[in-house]
1. Using only Cα atoms, find the angle between the long axis of helix 16-28 and the longest principal axis of the chain, and express it within 0 to 90 degrees, rounded to the nearest 10.
2. For P(r) over Cα pairs in 5 Å bins from 0, in percent, the choices are (1) 2, 8, 15, 18, 19, 17, 12, 6, 2, 1, 0; (2) 2, 9, 15, 16, 15, 12, 10, 8, 6, 4, 2, 1, 0; (3) 2, 10, 20, 22, 19, 12, 4, 3, 3, 2, 2, 1, 0, 0, 0; which was calculated from the structure?
3. Accessible area per residue of the chain at 1.4 Å probe, in Å²?
Amino acid sequence: SAVPAVPAAPASPAAPADRYRNGLEAFRSGDLDRAATIWEPLLFDDHRDEFTLLLMTACQPETIREAQRAFASRELYLVGKKVNGRNCFRVALETFASREAAARALAALPADYRSAGAAVRPISDVLAR
């Protein structure tokens, strides 16, 4: 008997994990603007109704790299933000389906990030200019 044909899945531009990895490659190469350009639409398309931990708004690349080293095993996102005319970045850690899940992750962050103002934020707010 013939095996029924399985319809092919529609081609997607790139799976979220691939889009994240593309941004991470740009980030690791030092191209923070390109990383943000890749990650902002990913956050908007796939996570806009979720929450994140906003670690900081940073204008110095070294400050952002320190956060990346501190959280190397976790998903870090950059979102462009103008501060007094300078190109800076909001640095967000991971995405969470609920405010409660994000709050639990915030409680587990190193104390220096919590005392510096890391906070649970809706992703839609982080993306807002």
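The values are calculated or read from the model by the stated rules, or taken from the named source; none is laboratory data. What you see is a predicted model; the values in this text were computed from it and never measured. These area figures cover heavy atoms from the full protein model, side chains too; ligands, DNA and RNA do not enter into them. Shrake-Rupley method; radii C 1.70, N 1.55, O 1.52, S 1.80 Å.
1. Helix 16-28 and the main axis of the chain meet at about 40 degrees.
2. Correct label is (3).
3. 59 Å²
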